[in-house]
1. Find the all-direction average of the projected area of the Cα convex hull for the range 15-122, expressing the result in square nanometres with one decimal place.
2. Using a 1.4 Å probe and counting only protein heavy atoms, arrange Arg400, Arg372, Arg312, Arg37 so the residue with the most accessible area comes first.
3. Between Gln86 and Glu273, what's the calculated FRET efficiency when r is the beta-carbon distance and R0 is 25 Å? Round to 0.05.
4. Would you mind computing, in nm to one decimal, how far apart the modelled labels at Asp115 and Asp379 are, each placed 7 Å from Cα along Cα→Cβ?
5. Along Cα→Cβ, 7 Å out, is where each label goes; now give me the distance between the ones at Asp243 and Cys107 in nm to one decimal.
6. Structure shown: which of Lys285/Lys375; Lys15/Lys497; Lys424/Lys497; Lys285/Lys395; Lys411/Lys497; Lys15/Lys411 lie over 32 Å apart, alpha-carbon to alpha-carbon?
7. Be a star and scan the range 91-110 for residues whose amide nitrogen sits under 14 Å from the point 7 Å along the Cα-to-Cβ vector of Ser57.
8. For the pair Leu78 and Ser465, what calculated FRET efficiency results from E = 1/(1 + (r/R0)^6), where r is the Cβ-Cβ distance and R0 = 45 Å, to the nearest 0.05?
Amino acid sequence: MTLRNPPYTNPKPCKHLLDYKLKHGFNGYKSLQKCIRTTPNGRSSVEKPNTKIPSCSSCNGFQGRLYFCLVCSSISCLDHILMHTQFQNGHNIAIDLERAELYCIVCSDQVYDPDFDRAVMSKHMVDMPDVKDDIQSIGKRLCKRKRSVSGVQLVDLKKPQELVLMRDRRAKSCYPLGLRGLNNLGNTCFMNSVLQALLHAPPLRSYFLTNQHNRETCRKRSVNRLCLPCDIDSIFSAVFSGDRSPYSPAQFLYSWWQHSANLASYEQQDAHEFLISVLDGIHEKEDKIRNKKRENGDCQCIAHRVFSGMLRSDVTCMTCGFTSTTYDPCVDISLNLETSNYSAANVANKPVKPNEGSCTSSLLGCLDLFTRPEKLGSDQKLYCEKCRERQDSSKQLSIRRLPLVLCLHIKRFEHSLVRKMSRKIDSYLHFPFSLDMMPYLSSSIIRNRFGNRIFAFEGDESDMSTDFEVFAVVTHSGTLESGHYVTYLRLSDQWYKCDDAWITEVDEGIVRASQCYMMFYVQKMLYYKANENLSYLPISPKGEAFHPISGC
């Protein structure tokens with residue numbers, strides 16, 4: 001007898017990884033632990049003992065990606081790693097030195113193994129940075145505030161196990177419910193960064209945590225056991241369970257691969273493209289289940305109810321003044337940065353400091369640029385219904401309807417067909433925590449166009465909430481070819497850095513200095529209502545409350 005919906009199991013690792021583990025077991029993983037180094041921000045890398053600067057054993061090159069063979073411990077560059085496995089039979093599994101991630105040489109792809117993941121995370125716990133400082137700072141606050149110390153045991157700083165437990169208890173008791181790291185499954189920081197933003201979008205969080213997408217009911221309705229909303233629901237349940245240990249969203253990754261087969265690999269993907277793909281996957285599944293639409297034709301799925309807005313496009317004939325208007329739904333708004341002041345170093349895809357040629361843009365300036373009238377080129381002449389011929393025209397965009405959650409995407413990656421090159425724009429972006437979108441609504445834009453005349457505007461947005469608060473910022477550091485995504489979350493006016501498995505508390509200055517790639521704003525009323533409901537006493541799955549420590 002077979003189950004209609006068999007339980008999910010993690011995707012099987014590649015054959016070469018299985019062969020390696022059958023022959024060598026966990027010896028390679030264990031010996032590698034002493035070479036793993038953790039930076040203060042939680043990033044892992046591998047340093048070969050007695051080697052100051054690692055280099056390829058074939059060409060002595062030390063730039064670019066280097067790989068550490070788990071069988072013979074030799075180091076090879078990307079150009080010579082395949083030659084290594086061809087001459088050394090069975091040497092198929094290596095470690096990316098820069099990222100401390102498994103790499104299959106034969107498959108030419110990152111691979112995920114829970115056993116390796118546990119080996120790296122256990123080294124993380126032993127090498128926990130600044131634990132001693134954390135304990136000492138707790139003691140200072142205890143004395144300063146003259147809090148009661150009854151029930152608080154002294155910690156032996158020479159015993160790392162007690163330090164880890166102390167830091168664990170402090171994190172569990174002081175951080176808001178729902179702050180949980182996500183393990184990197186092999187170049188999946190793009191996925192983790194977007195998931196952190198989605199997990200803390202108040203309307204989305206309310207939907208999934210109130211069981212409005214019931215996994216059991218969904219499985220009974222669908223023959224296909226792979227369901228993206230079900231897997232998102234599982235992540236919500238795990239993250240808000242009270243468990244603070246890093247969570248591995250492998251099941252969700254596998255389901256997303258089935259939905260987006262063209263992106264199914266362990267290669268780095270674009271975070272914005274991933275967001276659009278996930279929202280599309282939720283829409284497709286829920287649209288089939290509900291099969292209902294409102295009277296005005298809007299989709300009822302949770303993705304569109306939360307993220308969907310409406311853009312207005314006015315194309316005006318520059319000869320007769322006739323205006324043609326169209327409306328297009330959108331789940332995000334992509335904004336251009338002004339690039340006129342960027343130096344040649346920027347074009348070469350090298351990070352440039354603000355005082356070395358790059359400029360600082362503002363989000364309000366990007367929104368002004370987005371809603372500014374644009375003259376269409378001579379090759380873009382549009383047919384005028386009044387003139388009855390193609391004429392020069394101008395185009396102006398505005399926002400007809402705002403969503404509950406406003407996603408603003410900054411175009412940092414450019415591709416030039418003329419120069420046949422790509423680049424990343426490393427300019428810093430100043431953005432407000434509180435954002436008033438009134439100047440960018442269609443009613444405001446149209447009235448400004450006609451000299452602020454007072455006239456009746458069809459479908460006036462006077463009852464629309466235009467005040468927003470930022471709650472998540474996805475940033476990108478590094479170059480176009482090799483970069484890293486991190487998310488900053490704003491909960492009760494405190495910022496937290498979500499860097500894959502690591503969650504740290506940061507000042508707002510750190511967030512403002514980062515290279516914003518996507519910003520998530522929510523209507524102000526929803527932001528403050530959501531913060532009122534945040535609990536600082538999470539309950540674990542076993543029903544045991546985490547008790548706060550005096551001085552936290």
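1. Averaged projected area of the range 15-122's Cα convex hull equals 6.7 nm².
2. On the way: Arg400 55, Arg372 115, Arg312 35, Arg37 90 Å².
Result of the area sort, largest leading: Arg372, Arg37, Arg400, Arg312.
3. Numbers: r = 35 Å, r/R0 = 1.39.
My answer for the efficiency is 0.10.
4. So the two model labels end up 5.7 nm from each other.
5. 2.4 nm
6. Numbers: Lys285/Lys375 40 Å; Lys15/Lys497 36 Å; Lys424/Lys497 23 Å; Lys285/Lys395 35 Å; Lys411/Lys497 22 Å; Lys15/Lys411 39 Å.
Distance filter (> 32 Å) returns Lys285/Lys375; Lys15/Lys497; Lys285/Lys395; Lys15/Lys411.
7. Within reach of a label on Ser57: 91-95.
8. Numbers: r = 51 Å, r/R0 = 1.13.
Efficiency for this residue pair is about 0.35.
The values are calculated or read from the model by the stated rules, or taken from the named source; none is laboratory data. Bear in mind the structure is a predicted one, so any value in this text is a computation, not a measurement. Using ideal geometry, Cβ is built from the backbone for each residue, glycine included, and neighbour counts are taken over all protein chains shown. Surface accessibility is based on the protein's heavy atoms, side chains included, excluding ligands, DNA and RNA. Shrake-Rupley method; radii C 1.70, N 1.55, O 1.52, S 1.80 Å.
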